[in-house]
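**Q** So that we are looking at the same thing, I have put the structure below in structure tokens.
The values are calculated or read from the model by the stated rules, or taken from the named source; none is laboratory data. Just so it is clear, the structure is predicted and the values come from calculations on it, not from any experiment. A quick note on method: Cβ atoms are made from the backbone with ideal geometry, for glycine too, and the neighbour counts reach across all protein chains shown.
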Ligand SMILES: [Zn+2]
């Protein structure tokens, strides 16, 4: 029951993330009701019920019949699923205990103790990840405001893990270390292989994860990027030189390293036998 509520919260947030994904790269205001991209007609609340409206309207605008992108419900669904996974993960790793039947759900959600703050930070990181993933995928842009939000949520997460000033400095050093390979690639290829947005993203990644997990995240990002790139080239969907956004792969690497660090180390160990 609690997880269903979390899922519904996730798809509602996902609906808002869709707005950010489309409007931040275009530098539009994020307030104001959504309009149809095509006929510009304002959509009413019943056209905007997450996931449900998309299928109820047959994936097209009620007024002009233009198809809506399938990415909208995908973002909502993915956000819902990730919210649930975060709660389950935190519960399994003993960092958060789900409210039992006797506890009131509202109480657990609203009391601002450390556990709740940690969950807010993690759900924030996941939400920001969704925006970066899809904004970069759709428009090849990672808005600065979202980069800043990732850094802020990462900081909040580290605070809930009891970060000391010394450890904070440590994380900053990690941030620079993890950023360096991406910065070099950016400089050597003159921004062709990756943009400066990827450099900034790598900085936050190192700050959040530390040096080892941060480099592991880069590694996963490169492997995932190369794999998808090769598949696309084989399928002739992308020409060899055409640009594939790298941000989504960094995000995949970051989330894997954040939630599955221990398992990943084991896999890499057995793979490279060290
Ligand atoms: Zn329309």
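**Q** Residue 23 is checked against (1) away from the ligand (no atom under 16 Å from the Cβ); (2) loosely packed, with under 15 Cβ neighbours inside 10 Å and fails just one. What number does that condition carry?
**A** Here residue 23 clears every test but (2).
**Q** Looking at 191, 214, 221, 206, which is the one that is without any contact (Cβ under 8 Å) to a residue 60 or more places away in the chain and not in a helix (DSSP H, G or I)? If you could, list the steps in order and put the result at the bottom.
**A** On the way: 214 fails: not in a helix (DSSP H, G or I); 221 fails: not in a helix (DSSP H, G or I); 206 fails: not in a helix (DSSP H, G or I).
Unique residue meeting the criteria: 191.
**Q** Now for a different question. Take the conditions assigned to a loop (DSSP other than H, G, I, E, B), in contact (Cβ under 8 Å) with a residue 12 or more places away in the chain and within 16 Å of the ligand (Cβ to nearest atom) and apply them to residue 63. Does it pass?
**A** Numbers: assigned to a loop (DSSP other than H, G, I, E, B): yes; in contact (Cβ under 8 Å) with a residue 12 or more places away in the chain: yes; within 16 Å of the ligand (Cβ to nearest atom): yes.
Taking the combined requirement at face value, the residue satisfies it.
**Q** Given the condition touching a residue at least 40 places away in the same chain (Cβ under 8 Å) and surrounded by 15 or more Cβ atoms within 10 Å (Cβ to Cβ), answer yes or no: does some residue in region 37-59 qualify?
**A** Yes, because at least one residue in region 37-59 is touching a residue at least 40 places away in the same chain (Cβ under 8 Å) and surrounded by 15 or more Cβ atoms within 10 Å (Cβ to Cβ).
**Q** In addition: Select, from 55, 77, 83, the only residue that is assigned to a helix (DSSP H, G or I), over 26 Å from residue 258 (Cβ atoms) and at pLDDT 85 or above. Lay out the reasoning, then the answer.
**A** Working: 77 fails: over 26 Å from residue 258 (Cβ atoms); 83 fails: over 26 Å from residue 258 (Cβ atoms).
Result: 55 is the single residue among 55, 77, 83 that is assigned to a helix (DSSP H, G or I), over 26 Å from residue 258 (Cβ atoms) and at pLDDT 85 or above.
**Q** Hey, residue 50 hits all of (1) in a loop (DSSP other than H, G, I, E, B); (2) more than 26 Å from residue 143 (Cα to Cα) but one; which does it fall short on?
**A** Here residue 50 meets the rest and fails (2).
**Q** On the basis of being at pLDDT below 95, in contact with a helix residue (DSSP H, G or I) (Cβ under 6 Å, 6 or more places away or on another chain), in a helix (DSSP H, G or I) and under 23 Å from residue 135 (Cα atoms), does residue 197 make the cut? Don't jump to the end; show me each part of the working.
**A** Values: at pLDDT below 95: yes; in contact with a helix residue (DSSP H, G or I) (Cβ under 6 Å, 6 or more places away or on another chain): no; in a helix (DSSP H, G or I): yes; under 23 Å from residue 135 (Cα atoms): yes.
For residue 197, the condition - at pLDDT below 95, in contact with a helix residue (DSSP H, G or I) (Cβ under 6 Å, 6 or more places away or on another chain), in a helix (DSSP H, G or I) and under 23 Å from residue 135 (Cα atoms) - is not met.
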